[in-house]
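The values are calculated or read from the model by the stated rules, or taken from the named source; none is laboratory data. Because the structure is a prediction, the values reported are computed rather than measured. Using ideal geometry, Cβ is built from the backbone for each residue, glycine included, and neighbour counts are taken over all protein chains shown. When the accessible area is computed, the model is the full protein with side chains, heavy atoms only, and any ligands, DNA or RNA have been set aside. Shrake-Rupley method; radii C 1.70, N 1.55, O 1.52, S 1.80 Å.
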Amino acid sequence: MLILNKTAGVFSKPSKRKVYEFLRSFNIYPGTQFLHKLVLGIETSCDDTAAAVVDETGNVLGEAIHSQTEVHLKTGGIIPPVAQQLHRENIQRIVQEALSASRIFPSELSAIATTIKPGLALSLGVGLSFSLQLVDQLKKPFIPIHHMEAHALTIRLTNKVEFPFLVLLISGGHCLLALVRGVSDFLLLGKSLDIAPGDMLDKVARRLSLIRHPECSTMSGGKAVEHLAKQGNRFNFDIKPPLQRAKNCDFSFSGLQHVIDKIIMQKEKEEGIEKGQILSSAADIAAAVQHTAACHIAKRTHRAILFCKQRNLLSQSNAVLVVSGGVASNLYIRKALEIVTNATQCTLLCPPPRLCTDNGIMIAWNGIERLRAGLGILHNIEGVRYEPKCPLGVDISKEVGEAAIKVPRLKMKI
């Protein structure tokens, strides 16, 4: 395997032997000759090992994914060296399964696309090293992928969406609003100043010990909060949304998390229970934090729509808001955003839930988009490196803040 230089994030010359053995393992025979573009996408930016083969018309020919959720639930969160080891153990099998399901020879691929930024350094390194070996052996072009760009463009695989459109990306590691003007042309309107909403919900779930709740023991933190919130009464806690006085499109979730921590501590004292036991008010707390987060996300998104329309960056009558990322699967947050899009005459679009979370399909599709546009296609892989932190597009968030757009109050009856 490739040797990672930890300081530079650069890989030495790939070993061909293991890849050669890997490629020889295919017991498939060529059927239809593919005359159009085919891209293999590989995703290892966090805790999912995923791969897929997609053609230029958007057909998913084969896909495979290995989730590490069960392991990380037991450890109380993602431990990077553990995620790295699990990627190493599964990446060859997952890529082989995706290619075998597609019933194509690896030699028929037009290119290999892989997430190289942003994400967990140790996880990104596994996907990049494996991909560079394939590229070297197959002599195919390599397309480095920005994880958030892939999330943003996934909607163009499932829906006919033209540029420009507004995208809200909300997940466990990211939270941003951007105007998408082209395949690699983004204007960043706002981002989280601290942690992402998915991270905040996971931490609240851990603090509430929801893994010990009989209905939530197998769920991720965010899913557990959403599930329990349905049984709770949010009005039992009055929590103010973050950044109420800041007239920009930035987000903040760490303060909300601290407020919830204080509420939980107080309730533990009142109920006379130890940390780690389930509070009788857990469902009410889940409902309150979910509603507050939804309102915060909705208001920042509302301002972004108004800003883009004011500057004629979006159509006045048929603008599109795309919401993607793992937290986009939260139906309560989606309903809050529907209230905003209805009030602003926009269309709300979300990829199917399985494409909102990390997957190989979105990486392969991003590769197709870049291949068609002739953008970022590498024929020389020397010096390719991963980037754990990497902004998306041109940051105009300061300009958004200077516009100081007042957002009309909407009734969030969800």
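Observations
- Qualifying aspartates and glutamates (Cα of each under 18 Å from Cα of Lys37; at least 8 residues distant if same chain): Asp55, Glu56, Glu63, Glu108, Glu369
- A protection proxy built from the mean count of other Cβ atoms within 10 Å ranks the segments 220-230, 114-124, most packed first, as 114-124, 220-230.
- Computed in the context of the full set of protein chains, the accessible area of the stretch 283-394 at 1.4 Å probe radius has 52% of its extent on carbon or sulfur.
- Ranked packing of 315-326, 396-407, most packed first, by mean Cβ within 10 Å: 315-326, 396-407
- If you run the Gaussian network model on the chain, springs between alpha carbon atoms under 10 Å, then out of Phe142, Phe235, Phe253 the most flexible one is Phe235.
- Among 351-364, 149-162, 255-268, 80-93, the peptide with the highest mean count of other Cβ atoms within 10 Å heads the list, and the full ranking is 351-364, 149-162, 80-93, 255-268.
- Placing +1 on the Cβ of every Lys and Arg and -1 on the Cβ of every Asp and Glu, with no other charges, gives the stretch 147-198 a dipole of roughly 120 debye about its Cα centre.
- Taking a straight line from the alpha carbon of Lys309, these lysines sit under 26 Å away, with near neighbours fewer than eight places off in the same chain left out: Lys160, Lys191, Lys247, Lys299, Lys335, Lys398, Lys406, Lys411, Lys413.
- Contact order normalised by residue count of the chain, Cα under 8 Å, 6+ apart, percent: 23 percent
- At full extension, Ala403 and Val82 could sit 111.1 nm farther apart than now, given 0.36 nm per residue minus the alpha carbon distance.
- Of the DSSP H helices in the chain, those that are both long (alpha-carbon extent of 30 Å or more along the helix axis) and hydrophobic (Kyte-Doolittle mean at least 0.0) are 282-310.
- Reported value for the stretch 122-188: 114 Å³ per residue, from the convex hull of its C-alpha atoms.
- Distance from the stretch 133-183 to the stretch 375-414 (C-alpha centre basis), Å: 12 Å
- Positive-end extreme of charge dipole, the stretch 287-362 - chosen from Val327, Ser317, Ile361 (charges on Cβ): Ser317
- Using a simple spin-label model with pseudo-atoms 7 Å out from Cα toward Cβ, Lys139 and Leu378 lie 2.0 nm apart.
- Distance between the 7 Å Cα→Cβ label points at Asn236 and Asp185: 5.2 nm.
- Set of aspartates and glutamates with alpha-carbon distance to Lys223 below 16 Å, sequence-local pairs under 8 removed: Glu70, Asp199, Asp202, Glu215, Asp284, Asp358
- Residue-normalised accessible area of the chain, expressed per residue, 1.4 Å probe, Å²: 45 Å²
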